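The values are calculated or read from the model by the stated rules, or taken from the named source; none is laboratory data. It should be emphasised that the depicted structure is a prediction, and the values quoted were computed from it without experimental measurement. Please note: Cβ atoms are built from the backbone with ideal geometry, for glycine as well, and neighbour counts cover all protein chains shown.
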Amino acid sequence: MNGLTGKILMLKLYVESTDFIYNYTGKLSKAIVLSEAPSLEYAFKPVKGFYKPLRISPPIKDGKALTPTYGVQKVSGKTTYVLKPVKLSDECIVEVGATEDIVDKLYKVFKQSVGLKTRLKFENALVNYLVKEVLVIEPDIVLGSSFTVSTSSPVLLPNPFTPSQHIRRFTVNPSIFFWVPYMIAGGNLSHSRQEAYKALIELESCLTEHYSTKYRVIFINYDNNREPALEVVRAKYLLTFRDRKCEETVKKVLYAARVYGVGASRASGFGSIKLSHTK
């Protein structure tokens with residue numbers, strides 16, 4: 001694996017909405033970024049069959065996305081889903097993981113906006129945001145005998161052999177969870193069944209999930225559609241082989257996962273993760 005490097009732009013913001021927000025707030029983060037840097041709109045546009053080396057997060061507070069989700073209620077013995085909107089009035093973080101050139105451009109733009117209050121319209125609400133701090137992060141991957149993944153946004157995991165958002169997997173086994181960052185890390189940005197087979201075999205050879213792993217499915221509202229997504233509460237992975245090849249592969253995959261995210265629709269606010277390591 002040659003490896004595709006990148007960086008993370010971390011924006012520390014204060015965000016306030018005048019009304020409740022019902023749609024997925026990854027779209028709000030995207031609107032904020034493009035209001036400051038409209039010339040980079042091309043980078044966010046989807047390309048069919050292409051793994052975009054770009055990730056944006058929803059507004060995050062205390063490690064969790066501030067976004068509407070559906071709760072489950074039983075009425076007269078029937079299960080119903082009730083959308084819980086959010087009204088923002090919080091200090092939060094928005095991350096953009098991308099290639100170095102895009103992150104460097106965004107850093108220069110947002111650095112000029114520090115301390116400035118900006119207003120934009122997001123659907124039925126007016127959103128005020130204040131840029132408090134701008135940082136650029138290059139993840140330091142220290143690989144021990146195990147590591148733990150937690151998500152800071154919902155995750156959409158496409159089936160590696162039919163990479164469509166409509167055919168998803170809901171598991172955290174290593175090959176399904178990490179196959180997209182594996183492809184990006186190796187510079188394979190378009191879908192190939194042969195490369196997908198290679199990713200699954202190598203990931204399953206090097207990693208296994210720990211019995212203590214816990215995760216669940218949540219439902220989010222995306223353009224008035226109730227969408228199932230994976231939320232990892234705590235996913236622990238063990239290195240099954242400590243040979244040089246596995247260690248090098250896993251390091252590059254974890255770097256790509258932290259920068260570019262996991263799964264599909266990462267440029268729309270899905271797939272952001274955090275990593276912690278065991279020595």
*Restricting attention to strands (runs of 3 or more DSSP E) lying wholly within the stretch 21-105, give those where 3 or more residues are in contact with a Phe, Trp or Tyr (Cβ under 8 Å, 6 or more places away or on another chain), under 25 Å from Ile184 (Cβ atoms) and small (Gly, Ala, Ser).*
none
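Are any residues in the stretch 38-54 closer than 16 Å to Tyr107 by Cβ and surrounded by 17 or more Cβ atoms within 10 Å (Cβ to Cβ), and if so, which ones? I'd like the intermediate steps shown before the answer.
Let us first name the residues in the stretch 38-54 that are closer than 16 Å to Tyr107 by Cβ, namely 39-40, 43, 54.
Across the stretch 38-54, the qualifying residues are Leu40, Ala43, Leu54.
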*Output the number of the condition that Val127 fails; it satisfies all remaining conditions of (1) assigned by TED's automatic domain parsing to the domain that holds Thr67; (2) under 23 Å from Leu275 (Cβ atoms).*
(2)
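For the stretch 143-168, give me the residue count where each residue is assigned to a strand (DSSP E or B) and free of Cβ contacts under 8 Å to residues at least 24 places away in the same chain. Quick ask: steps written out before the conclusion?
Step one: filter the stretch 143-168 for residues assigned to a strand (DSSP E or B), giving 146-151, 155, 157-159, 162, 168.
Going one step further and asking which of them are free of Cβ contacts under 8 Å to residues at least 24 places away in the same chain, we end up with 159, 162.
Residues that pass the stated criteria total 2.
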_Going by what's in this entry, would Asp101 be described as over 16 Å from Ser57 (Cβ atoms) and either in contact with a Leu (Cβ under 6 Å, 6 or more places away or on another chain) or assigned by TED's automatic domain parsing to the domain that holds Pro59 (or both)?_
yes
_Given the criterion at pLDDT below 95, over 22 Å from Tyr255 (Cβ atoms) and of a type outside the set (Asp, Glu), identify the matching residue among Lys45, Lys30, Lys52._
Lys45
_Pick from the stretch 156-191, criterion touching a Lys or Arg at 6+ places or on another chain (Cβ under 9 Å) and of a type in the set (Gly, Ala, Ser), ranking: surrounded by the fewest Cβ atoms within 10 Å (Cβ to Cβ)_ = Gly186
*Tell me which of these Ser153 doesn't satisfy, since it passes every other one: (1) of a type in the set (Gly, Ala, Ser); (2) under 23 Å from Lys64 (Cβ atoms); (3) surrounded by fewer than 17 Cβ atoms within 10 Å (Cβ to Cβ).*
(3)
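Could we say that Lys274 is surrounded by fewer than 18 Cβ atoms within 10 Å (Cβ to Cβ), charged (D, E, K, R) and part of a strand (DSSP E or B) here?
Numbers: surrounded by fewer than 18 Cβ atoms within 10 Å (Cβ to Cβ): yes; charged (D, E, K, R): yes; part of a strand (DSSP E or B): yes.
In short, yes.
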*Identify, by number, the condition in (1) of a type outside the set (A, V, I, L, M, F, W, C); (2) under 16 Å from the mean Cα position of the chain (by Cα); (3) farther than 21 Å from Lys274 by Cβ; (4) crowded, with 16+ Cβ neighbours inside 10 Å that Pro228 doesn't meet.*
(4)
*Considering Arg266, Arg226, Arg216, which residue is touching a helix residue (DSSP H, G or I) at 6+ places or on another chain (Cβ under 7 Å) and either assigned by TED's automatic domain parsing to the domain that holds Glu41 or closer than 28 Å to Pro85 by Cβ (or both)?*
Arg266
*Identify the residue in the stretch 209-225 that is in contact (Cβ under 8 Å) with a residue 24 or more places away in the chain and among the hydroxyl-bearing types (Ser, Thr, Tyr) and, among all such residues, is surrounded by the fewest Cβ atoms within 10 Å (Cβ to Cβ).*
Ser212
